[in-house]
Amino acid sequence: MHTHAGELGVDTNGMSFHEGMHLLVSIGQTGVITGYGFGLASSHDQHLLEPFLAVCSLSCGDLPTMGKKTQAVYIADKGFAGDKPHKRWRELFDAEVITAPHQRSKYTWPKEWRR
């Protein structure tokens, strides 16, 4: 079921509900919002980030809300974790995305960082 304000539904295993939208926001080093995009609540975080990075890497004037490619890094929550997607985003969009390592990653953060 779709609503004008987002999406309402049940996940594939029937165990949880989702409602609303995802919001991706790009913030510059000074704390100013430089770009944003919306996606359906049922969308996987990583699937939303790829078109966001693609548009930012093109610096497309047709979608000014997406912002321009950052000269630094993107810092994201654990929904964007994973060695394979990070490698893909580096190769396709020259985008460095930093997240806490995925639970199955061969890389780990120092204990002090994991608090």
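Points worth noting:
- Annotation note: Cβ proximity below 8 Å between a residue of the stretch 99-112 that is surrounded by 15 or more Cβ atoms within 10 Å (Cβ to Cβ) and a residue that is assigned to a loop (DSSP other than H, G, I, E, B) and not small (Gly, Ala, Ser) (sequence gap 6+ or interchain) occurs for THR99/ASP77; ALA100/ASP77; ALA100/TRP109; PRO101/TYR107; PRO101/THR108; PRO101/TRP109.
- Positions within the stretch 78-115 being among the acidic types (Asp, Glu) and closer than 22 Å to PHE52 by Cβ, in sequence order: ASP83, GLU91, ASP94, GLU96
- Checking the stretch 53-66 against the condition returns a match, with at least one residue being touching a Leu at 6+ places or on another chain (Cβ under 7 Å), modelled with pLDDT of 70 or more and not charged (D, E, K, R).
The values are calculated or read from the model by the stated rules, or taken from the named source; none is laboratory data. Since we're looking at a predicted model, the values are computed, not measured. Reconstructed Cβ throughout: ideal geometry from the backbone, glycine too, with neighbour counts over all protein chains shown.
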